[in-house]
Amino acid sequence: GKARHLRWEISNMFWSPDCEEKVVIGINGQFPGPTIRARAGDTVHVQLRNALHTEGVVIHWHGIRQIGTPWADGTAAISQCAINPEETFTYRFVVDKPGTYFYHGHYGMQRAAGLYGSLVVDVAEGEEEPFQYDGELNLLLSDWYHESIHTQMVALSSRPFRWIGEPQSLLINGRGQFNCSLAAAHMQGATNQCAATAANTQCAPVVLPVQPNKTYRLRVASTTSLASLNLAIGNHKLTVVEADGNYVDPFVVDDIDLYSGDSYSVLLTTDQDTSSNYWLSVGVRGRLPKTAPALAVLNYRPNRASDLPALAPPVTPAWDDYGHSKAFTYRIRARAGTPPPPPTAARRIELLNTQNRMDGRIRWSINNVSMVLPATPYLGSLKMGLKSTLAAARPAETFSREYDVTLPPPNPNTTVGDNVYVLAHNTTVDVLLQNANALSRNVSEVHPWHLHGHDFWVLGYGDGAYRGDAADEARLNLRDPPLRNTAVIFPYGWTMLRFVADNPGVWAFHCHIEPHLHMGMGVIFAEAVDLVAKVPNEAVSCGATATALMAGGHL
Ligand code: C2O
Ligand code: CU
């Protein structure tokens with residue numbers, strides 16, 4: 001593969017993602033950040049300079065496994081020290097697998113401040129995708145809050161707890177329209193604000209130009225802070241062909257769900273009436289929506305981009321129609337040729353997801369422990385054997401079969417911990433994610449869990465508590481489960497994953513909802529750390545590892 005050299009500068013800047021001017025974190029003056037395009041087997045070098053005035057920064061390459069380079073995973077306090085203002089850090093990693101990915105900040109809630117962009121990996125030179133298309137369109141979906149992330153982080157950790165609420169806007173490629181219907185903006189005699197919207201280039205609607213009777217590959221990824229999404233295009237069917245950088249058995253749908261952390265490729269054939277444009281619409285799922293759908297225009301050439309589509313925008317399924325969501329998610333199967341999972345696992349880690357209280361705050365916890373990140377990144381402290389920086393006791397890996405997932409937690413109090421699960425090299429691990437009732441009665445939320453450093457097979461899903469009985473076992477698919485890096489747990493349900501611990505490093509596994517992670521919803525897998533090659537000093541020159549290095553220690 002080739003080496004791709006990029007130089008990035010991260011800074012705060014004024015921007016109007018939804019036509020209201022705010023401060024975003026941009027890269028090289030752009031929001032969203034530049035799209036990285038590479039071929040499988042290439043090495044990407046990103047020389048990143050932090051030009052934020054007073055905060056550190058890191059960037060995580062979501063979906064890239066970082067095989068052999070765990071220090072380049074870009075997770076503050078896990079794989080590296082935050083890069084201080086005016087410092088430069090170089091990420092070097094191989095993009096080994098074609099697919100649709102993205103990157104984002106992974107320090108505090110910087111992702112929600114707009115620190116993200118697309119990462120697209122094409123097949124290696126001379127290879128071909130297992131499906132055909134004439135053109136490509138790329139959509140990175142996000143949600144947007146008018147409050148700064150600093151205010152949001154204070155709210156989420158204050159006493160009493162303050163919830164940040166729903167986002168003000170949904171963004172498509174960083175563009176949305178707050179308080180102004182896009183349809184209205186397109187119409188003759190639109191109100192001044194809407195007319196201004198259409199004219200403002202930072203929040204002007206996204207236009208997807210297409211030729212009639214062609215097939216397009218639409219790459220879609222969601223980097224939302226909170227919202228689960230549904231995407232549809234008026235009158236067009238979508239054929240799902242890829243999920244999280246893995247090919248899936250193609251299937252046809254009217255709309256797709258995307259949880260934060262998901263990416264898909266869908267094929268779209270422009271076989272409809274060519275005299276009109278069509279709306280692409282993105283709406284909220286899984287939470288009572290208070291945020292207007294985002295719209296983009298599928299522009300059938302030679303119509304003008306500004307021609308109003310004849311059909312109304314497609315309507316998102318009801319937010320709480322979980323039957324619809326499950327029907328979509330359960331249909332995703334691996335494409336023939338995908339490696340199957342090992343037939344058995346050596347270990348099963350059960351993770352009960354609950355909402356708890358701690359010192360008057362609200363936290364999310366796993367087996368009653370809410371994750372807090374240490375001052376010294378795990379990768380350095382575990383590699384150097386600095387035991388004093390971590391809790392001595394390992395977290396629990398089962399929960400009581402008596403636990404009633406349909407009720408609020410009987411003991412709502414929780415503790416905090418570093419939640420490190422130590423995995424031996426090459427073991428096959430099953431992870432049972434068990435959802436439950438939150439603190440309020442009759443509330444259970446959707447949580448998309450994302451694993452760093454690996455893809456996992458999604459063996460199955462079920463409603464209620466996992467009992468491991470014949471009926472539950474029958475729900476596990478060992479034949480053609482999809483490989484993914486993000487999988488959802490539905491309200492009151494369970495999801496079973498399997499992966500092989502074949503990538504030495506320290507890897508986060510967490511709910512991809514930014515406020516949930518901030519409230520402790522995650523665990524750490526420390527995998528064969530003794531087999532990690534030498535960690536570059538610049539990745540761990542902080543905290544107890546810096547002290548140990550100064551005293552002559554080695555990584
Ligand atoms: Cu895309 Cu740990 O996240
Ligand atoms: Cu969550």
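Computed from the coordinates by the stated procedures, all read-outs in this text should not be read as laboratory data. These numbers were taken from a predicted model, which means no experiment stands behind them. Virtual Cβ from ideal backbone geometry, glycine too; neighbours counted across all protein chains shown.
Look at SER381 and say whether it is away from ligand 1 (no atom under 16 Å from the Cβ) and either closer than 26 Å to GLY493 by Cα or basic (Lys, Arg) (or both). Lay out the reasoning, then the answer.
Values: away from ligand 1 (no atom under 16 Å from the Cβ): yes; either closer than 26 Å to GLY493 by Cα or basic (Lys, Arg) (or both): no.
The answer is no for SER381.
Of all residues in the stretch 324-359, those that are in contact with an Asp or Glu (Cβ under 7 Å, 6 or more places away or on another chain), under 27 Å from PRO491 (Cα atoms), among the basic types (Lys, Arg) and assigned to a loop (DSSP other than H, G, I, E, B) total 1. Just one residue in the set GLU9, GLU20 is in a loop (DSSP other than H, G, I, E, B) and of a type in the set (Asp, Glu); that residue is GLU20.
Would it be correct to say that THR35 is more than 16 Å from ligand 1 (Cβ to nearest atom), out of contact with any Lys or Arg (no Cβ under 6 Å at 6 or more places or on another chain) and farther than 22 Å from THR376 by Cα? Yes: the conditions hold for THR35.
Would you list the strands (runs of 3 or more DSSP E) that sit entirely within the stretch 112-176 and hold 3 or more residues that are touching an Asp or Glu at 6+ places or on another chain (Cβ under 8 Å)? Break it down stepwise before answering.
Working: elements: 116-122, 135-144, 169-172.
Hits in the stretch 112-176: 169-172.
Answer with yes or no whether VAL458 is under 30 Å from ALA539 (Cα atoms) and of a type in the set (Val, Ile, Thr). So VAL458 does not fit the description; no. Checked against the criterion of being under 23 Å from ALA526 (Cβ atoms), β-branched (Val, Ile, Thr) and either within 16 Å of ligand 2 (Cβ to nearest atom) or within 13 Å of the chain's Cα centre (by Cα) (or both), the candidates ILE64, ILE78 yield just one match: ILE64. I'd like to verify a number: residues in the stretch 30-58 that are within 25 Å of VAL95 (Cα to Cα) and outside any strand (DSSP E or B), how many? Going through the stretch 30-58 one residue at a time, the tally reaches 8. Just one of (1) surrounded by 15 or more Cβ atoms within 10 Å (Cβ to Cβ); (2) touching a residue at least 40 places away in the same chain (Cβ under 8 Å) fails for ALA155. It is (2).
The residues of the stretch 225-270 that are touching a Ser or Thr at 6+ places or on another chain (Cβ under 9 Å), in a loop (DSSP other than H, G, I, E, B) and surrounded by fewer than 23 Cβ atoms within 10 Å (Cβ to Cβ), listed by number, are LEU226, GLY234, HIS236, LYS237, THR270.
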